[in-house]
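One structure below.
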Amino acid sequence: MDDLSAPPTNYISIWSREGQDPTWVNTVILLTWLLAGIVAFIPFAFGTSPWDAVTLRVPGNQGNWWHLLAGAPFFLAFPMLWLRLQALFSRQLPPAIQRRFIWSFVGFSICSTTLVEVPFLLHLAGTSEWQRISVLSLGFGIIVASALILLFRRRTLSPLRACAVGLNTAYLANTALCLVVYAGATGSEWSKLGWLISMVIVWPIVSELIWLLSQTFRT
């Protein structure tokens, strides 16, 4: 996915254009990921936030490995915020060690989402058939589509944009899954405020991912 050695000349020329998106586009993207970071700490469903899920503080003492793995990818918003700030204010490639950490986070999150999908794959989740199909299609579909494009077109992306594609893919696959699973969650608006915010910010994130992937065919 990412050449961790010294970047070739063509990568450097692509990198030099990273911060040239219109100001309003960068502002919308930064605001979107800032909201995504906030979602990690506010109730997503049944008064439980992703942070509660990761720390196994789920109502009824029902916290388990599934909640932990479903909650962890929400924290990808923070490396994504750092990456967008790098694109805006720096003309240097992030050090290789930092890119290694990003890809480690992406790999862990994709593995987490895959494991979260297992109960749906084995008909053990107790959801309706349309929810099961939606969860499997969105979760695996986003990951597989992005992975295939990156595999065959990775040399047309700078390391920064490749990292952004990885983070977007891992975040969206998990968030789409959670949006479907908790679509029918009951309770007050505050108890599912994270879900409501995610329903709004998921669209600019999808647009960003599509735009990033489209650049691989235009370069």
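The values are calculated or read from the model by the stated rules, or taken from the named source; none is laboratory data. This is a predicted model, so every value here is computed, not measured. Note that each Cβ is placed from the backbone with ideal geometry, even for glycine, and that neighbours are counted across all protein chains shown. Areas reflect the complete protein model, heavy atoms only, side chains present, ligands, DNA and RNA absent. Shrake-Rupley method; radii C 1.70, N 1.55, O 1.52, S 1.80 Å.
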Considering only protein heavy atoms, what per residue accessible area in square angstrom results for the range 60-219 with a 1.4 angstrom probe?
48 Å²
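In the range 60-213, what percent of the accessible surface is made up of carbon and sulfur (1.4 Å probe, ligands and nucleic acids excluded)?
Details: 5040 of 7160 Å².
Here carbon and sulfur together make up 70 percent of the probe-accessible area.
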Beta carbons within 10 angstrom, averaged per residue: use that to sort the peptides 45-58, 24-37, 182-195, highest first.
45-58, 24-37, 182-195
